[in-house]
Every structure is written in structure tokens, then in C-alpha cells.
Amino acid sequence: MAFSCNKDNQTIYGFQYDLKDWITLKENKASVFEMTCCGNQAILKTSKLGTQFFAHKVKPKTSECSTGGESAEHIHIKYLVMKELDRNGWAVEVEKRGATPNGEEWIADIYAEKGKAKIAIEVQWSPQTFIETSRRQEKYAQSGVRCAWLLRSGSMKARDAIVGDYAYSTKDMPVFSIYKNKKQDEHTYVVYNVNKLKTNSYDPLEPIALELEYFIKNLVSSRIKFTKKYSLVKRMYLEIIKQNCWNKRCGGTTKIVTRMYFKEIVFGVEIEYLFQSEAIDDCDDQILEALNTQLARAYNFAPLRRRYSKTVGGSYVANSCIHCDALMGKNFISYYNDKNPSMIKTHCIDIPNKGDLIEQGESFEFGKWIMRDR
Ligand SMILES: [Zn+2]
Ligand SMILES: [Zn+2]
């Protein structure tokens, strides 16, 4: 099966024609159709799956014209991808040859350009190791071509396993799996390893499945974006109450910080975990510096600092009276602040994320492909 032929010395592609025009083209006796491989006469055909392709009118004697024994389904998926790219204004080329600046050659199954954008889409039918995919991806990257991979999976089970090696993916490696549910319409190919964002959950991602054409359309219009799971910053705010200074000579009222609250940013969504709050006693220096510089003046409390307490017999990060600098001991803080009418919560500030929640095998670069609504 060939995707293209020369019609009156111009290259045409089967996927550029809708059904009606394809039939008209088949009836066209005035034009000359030649195979691009050898220049011999071509005829127009349609496969059982609906692939519109070109074939030698007379079976070729040399093996150079063979299409390499790809399955009809593999060819059909490539055909659907090219058709969708063409429909979205991309100039598609089949089996485009190129080379890296170092002269390493590559051949792209499906290559397309639109403006300055150059992309390749590889439909991988037989299993390919992660290392091999990385190697080929690197060549495309060096050549300024963005490549996405569609890896075939033969079953629902394999669908998730197939990208197992790629589970800890980074932005450099857009890998998806494609699967056809044989019980459904035979033309339905579905792409997995895309996610949708939920904003009201501790687990903000929801895996979704997209029909092949819809997936391609969204992929090439940048609506499927790589999003890092972890952010370099966390968010924090403070709970503050008013308390009378115990020092009789002062007698003033001062604000004291009772607790720190944290929000994690996961896949770009701010998540406030239940009970994600801490007393200030063991607050580390980085956070201490951040809250003292960004919140102390705005909310009128004395900068927090490590102080020695005779009552406790040791030192800890403590509040001080803003008037007389007396230690406002932690043992005198009421934790029933919800009933305290003076209780306020500050606005949020950014603090460095030390990556406490990063799971095994993941890093700050780890992420997922997310479908964005615009
Ligand atoms: Zn040929
Ligand atoms: Zn005081």
C-alpha cells in the first residue's frame, strides 16, 4: 500500500480526498497516475478498513517496491493520523528522510510542517525498548523535530503495561498507547495516557481515553500539554490571634502566630490537605525567613525567632510581644482558635518545596500529559 502517487507529475496523497472526490478520481481516465517508488502505472484502491491508497497496476518484479509487510491495521492508523493532520492544515510527508546536524539519518513514518513547526508522529506496531525510543527521539530533537509516539497495545491489560517503562516520563518523551476495542466498531481506535484535571480533589488527575482523530487534532493544536507533577514552590499561610501580654509592666495586646498551614501544588492545582498544619516551634530557617519578611509587618506581629524558655527548659521558635519583646510562651496559646473572635488567617505566600512528597522513581521533572479546555 502506498499513501502517495504522482498524478500528472504532481504528488498526491490518498488521505487528501474525501470519499466522493476519491471516487471521482478513480473514474479519472484523462490523468496519468504513477507510483512514486518506480514510476510504473498506479491504480487507486480502498482497503477494507477504509484506507485510500495506491498500488502497482502490474505486480512489481523487484522487491524495492514492497511496502515492508506492515499490517493493514498499522497502515490504516497511520492513514488516519495523516488525514487528520492534513485536515488541520499541516503539510504531511510520508517517510520523510532527514539528518541530525551530526549527519545521523532518520526516516519519519509521518512528518508534517505548519509554519515553523516540524513534527513527526511514529506509530510503533512492534514492541520497542525505552532505550531505542529515547535514541530515536534524541535524533529528532537534534533535528528540531518534535516527535510523539503511539505505541500499539493488543489488549486492555497491555494498554497500561506498554507505557510502563515510560511511566516516569518527562516532557522530552511524549508517549501514548493506542488500542482498538474489537467489540466496538472496528474503526474505533482509542488513545490512552492522557489525563484530565480535576480541581476539587486530593488526586487532581483523571485518566481519559480519546478517539484517535480527536487526540491528533488536540495534540497538534497544543491542547494536550505536559504538566509537571511537582512545583518548586509550596504555599503557606498563618493563623494569628490576639493575646494580652503577660508582662504586668507592659499590659499591651499583641498578635501571635498559632499555626502554619500548607498547600501543595500538584499538577498546577493547589491542594490543601486536611490537617496539613504545623505548630511554629520547629519551623525551619527558610520558612521562618519567608514568613518574617513577607507577613510580620503586614499583619503586625513580632518576627518569630528561636528563644530560650525557662518553663520548657529549652529553646524553640516562639512569638514575642510586639511592645516589650516578652516571650509569648507556646504553653499559653489556646488551640481552640475557631472560637476566638480575634483569629485571622493571612494571605498565602510561596515557600520553597523541598519535595517531601516526591514518590519513588519520580523527580521534579516528572509529569503527565493533560488535556486542557480552552
Ligand atoms: Zn513501485
Ligand atoms: Zn508586652
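Some values worked out for this structure:
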| item | result |
| --- | --- |
| Reachable lysines from Lys255, criterion Cα separation under 28 angstrom, eight or more residues apart if same chain | Lys234, Lys242, Lys263, Lys310, Lys330, Lys339, Lys345 |
| Estimated 222 nm signal from helices in the chain, with DSSP H stretches of n ≥ 4 weighted -39500 (n - 2.57), rounded to 500 | -4500 deg cm²/dmol |
| ³J(HN,Hα), Karplus 6.51/-1.76/1.60, whole Hz, each residue of the stretch 74-87, x for Gly, Pro | 4, 4, 5, 4, 4, 4, 5, 5, 5, 4, 5, 4, 4, 4 |
| Kirkwood hydrodynamic radius over Cα pairs of the stretch 1-69, then Stokes diffusion coefficient at 25 °C and 0.890 mPa s, in µm²/s | 200 µm²/s |
| Cross-link reach list, lysines versus Lys114, counting only Cα pairs under 16 Å and skipping chain neighbours closer than eight places | Lys83, Lys96, Lys217 |
| Cleavage-rule hits, GluC sites (Glu not before Pro), the stretch 186-238, DSSP coil, Cβ neighbours within 10 Å at most 14 | Glu186 |
| Residues Ser134, Ser177, sorted so that the one with the fewest Cβ neighbours within 10 Å comes first | Ser134, Ser177 |
| Excluding exposed DSSP-loop chymotrypsin sites (Phe, Trp or Tyr not before Pro) (at most 14 other C-beta within 10 Å), longest clean stretch of the chain | 1-201 |
| Rh by Kirkwood over Cα pairs, then Stokes-Einstein D for the chain at 1.567 mPa s and 4 °C, µm²/s | 51 µm²/s |
| Exposure proxy order (Cβ contacts within 10 Å, fewest to most) of Thr24, Thr254 | Thr24, Thr254 |
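Quick note: the coordinates plus some simple rules give every number you see, no bench work behind them. All of these numbers come straight from a predicted model, not from anything done at the bench. Reconstructed Cβ throughout: ideal geometry from the backbone, glycine too, with neighbour counts over all protein chains shown.
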